[in-house]
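This report concerns only the one structure given below.
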Amino acid sequence: MAGSSAVLEDGSLLSRLDQKLFKLESLMALISGLAIFSLMILAVVSVGGRNTMNMPLPGYVDWIEQVMPLIAFMGVAYTQRDGGHIRMDILVGKLRGRALWGAEFITTLAMLVLVLLLIWGSYSHFLRSFDFNAPYWSRDSSIDISIPLWPAKLLVPVAFSVLAMRLVVQLWGYGRAMVLGLPEPVAVPLVMSAAAQAAEEAEHVAGLEDEETV
């Protein structure tokens, strides 16, 4: 769901699976953030080298190509868990109860089918680049400094596989809520009201002020 959301937790098996998967997703999101930071460092090194010694970083564009999959794909499952992906809520936002969870179940199932197709296609693309018998196990490489491309291509099906696991967990959550008629199921993103969002932001600001006071 677009906008601020919350994911409830309890002691159920579903919630425990959600929390364990969230640790993996958080690690992948951290790696994605570090990749963004690394691009900033590369840009400083390249520009600084060109301005001071007339020698920019060799293969700067090649390294950007290698890092981009980290930035683009490693955080997709984390964002899905938090309900941060952009979507249209004009119809779904008007539903309540079992109708809402049923609609969420159907859309999540459609997403899972699409992601499974993307996993198949991206893994096939990786296999066309990978070869145990080739130098550096690579059939293709970057243009400038010949960096093997298969590690970057492998990241895509790996990231989508984690997203597929997240979608399975959410399907379980929505299906359980639909069958049992739960008002606030666990392991799925719940859209927060404007009042709840304001209260959470106020609590966060108050916590920062307390830290500054200490």
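The values are calculated or read from the model by the stated rules, or taken from the named source; none is laboratory data. Keep in mind it's a predicted model, so treat the numbers as computed, not measured. As a convention, Cβ positions derive from the backbone with ideal geometry for all residues, glycine included, and neighbour counts pool all protein chains shown. We work out accessible area using only protein heavy atoms, side chains counted, and drop any ligands, DNA or RNA first. Shrake-Rupley method; radii C 1.70, N 1.55, O 1.52, S 1.80 Å.
Taking R139 as the residue in question, decide whether it is surrounded by 13 or more Cβ atoms within 10 Å (Cβ to Cβ) and more than 26 Å from A159 (Cβ to Cβ). Here the answer is no, as R139 does not meet what is asked. When the stretch 53-67 is limited to residues that are outside any helix (DSSP H, G or I) and surrounded by 15 or more Cβ atoms within 10 Å (Cβ to Cβ), the one that is farthest from the chain's Cα centre (by Cα) turns out to be L57. Residues in the stretch 1-35 that are open to solvent by 80 Å² or more (accessible area, probe 1.4 Å) and part of a helix (DSSP H, G or I): L13, R16, K20, K23, L27, L30, L34.
Of all the residues in the stretch 102-131, those that are in contact (Cβ under 8 Å) with a residue 12 or more places away in the chain and either touching a Leu at 6+ places or on another chain (Cβ under 7 Å) or outside any helix (DSSP H, G or I) (or both) number 10. P151 passes every criterion in (1) more than 20 Å from M28 (Cα to Cα); (2) touching a residue at least 60 places away in the same chain (Cβ under 8 Å) apart from (1). If you go through the stretch 146-156 one residue at a time, do you hit one that is under 30 Å from V186 (Cα atoms) and either touching a Gly at 6+ places or on another chain (Cβ under 9 Å) or assigned to a helix (DSSP H, G or I) (or both)? Yes.
Condition first: open to solvent by less than 20 Å² (accessible area, probe 1.4 Å), more than 30 Å from V7 (Cα to Cα) and small (G, A, S). Can you find one or more residues in the stretch 152-164 that meet it? Yes, there is a match, as at least one residue in the stretch 152-164 is open to solvent by less than 20 Å² (accessible area, probe 1.4 Å), more than 30 Å from V7 (Cα to Cα) and small (G, A, S).
Scanning the stretch 102-120 for residues that are within 30 Å of I31 (Cβ to Cβ) and open to solvent by less than 30 Å² (accessible area, probe 1.4 Å) yields E104, T108, L112, V115. Of all positions in the stretch 83-101, at least one carries a residue that is open to solvent by less than 60 Å² (accessible area, probe 1.4 Å), assigned to a helix (DSSP H, G or I) and among the aromatic types (F, W, Y).
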